[in-house]
Each structure stands twice: as C-alpha cells, then as structure tokens.
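The structure under discussion appears below in the form of structure tokens.
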Amino acid sequence: MIEFDIALFRAQIKAFSDAAVYPDELLSLMWDMATNYISTDDYGVLSGSARQHALNLLAAHLLFLSDAIVAGSTAGVVTSASEGTVSISLDAPESKSALSYWLNQSPYGQQLLALLRSKSTVGFYVGGYPNSKNFRNGKGRFG
C-alpha cells in the first residue's frame, strides 16, 4: 500500500513546495482525492515508485485545476483573443477520451497521461507460446 509522503511530493512537484501557500493539510486532501482515481494498492505494471509518482501527479493535477477554478480560468486552449469589448475563443485540446481531455488540462495531468501510456502500451499474454495463436503452422492451422 502506497502512503502519502509530503516531503517527496514537494520535491517532485516544485510548484507546490511552499508550505505557507500550500499547507500539508491541503496537499493531503488532494492526495486523498487522487486515491479515488488511482488505487494505493501496490501491484501491476504501475507499482512502487511509479504508482507513488502517479498519485503525486494526480494530486498536483487536482490542485492545479482547483487553483484555476478559484482564479476564474476555464478549460481549453486559447485560439484567439481581442482587447476591445473583450473576446476570447477557446478550443478543447485534441483528445481521444474524456480522461485524456481532463488530464490534458494541466502539465501534471499530461505527465501522468504519459506515464500511464508508457506503462500500459503492451498487452499481456498468459500461457503457451505467444505466437502460437496468431500464426498458421505448417499445416495451415492456427496454433
């Protein structure tokens, strides 16, 4: 089971290292929220320091979005802006899924998405020879 390490979080995510602006209680709250999305159980291809880093990135992502909401920011990429009578056009980042769209809204979410993709690019195969089910043998049959 992965536990929250505030010192490690502050070392990995420098933007939230100021304890006066981001107290331990706030970081702990965001990390707890992150555990609703990523399990603290240490198993699978996302294990050990990779799981700890993923949880820290997700907590930072949630904190970044929270700060953006408080500041009145909206999600999306600014495509055009004007000054007289104020006009701003936003475009959603290109994404293949709602999760990808959500994570692309912060640099921490983008790092998390890259980490998750790097850890899950290869499927799993259990039992037998991996190629025996995919290729025809000398008699023209699969496997």
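Read-outs throughout are calculated quantities, based only on the coordinates presented, and are distinct from any laboratory measurement. In this text, all values refer to a predicted model and were calculated from it rather than measured experimentally. All Cβ positions, glycine included, derive from the backbone under ideal geometry; neighbour counts span all protein chains shown.
Annotation: amide H-H contacts under 5 Å for Asp42 (H modelled 1.01 Å from N, sequence separation of 5 or more, or interchain): Ile2. A simple rule links phi to the HN-Hα coupling: the Karplus curve 6.51 cos²θ - 1.76 cosθ + 1.60 with θ = phi - 60°, which for segment 28-36 gives 4, 4, 5, 5, 4, 5, 4, 5, 6 Hz, with x for Gly and Pro. Each residue of segment 58-68 was assigned a 3J(HN,Hα) from its phi angle through the Karplus expression (A = 6.51, B = -1.76, C = 1.60, θ = phi - 60°), giving 5, 4, 5, 4, 5, 5, 4, 5, 4, 4, 5 Hz with x at Gly and Pro. Peptide packing for 18-26, 58-66 was compared via the average number of neighbouring C-beta atoms within 10 Å per residue; ordered from the highest value, the list is 58-66, 18-26.
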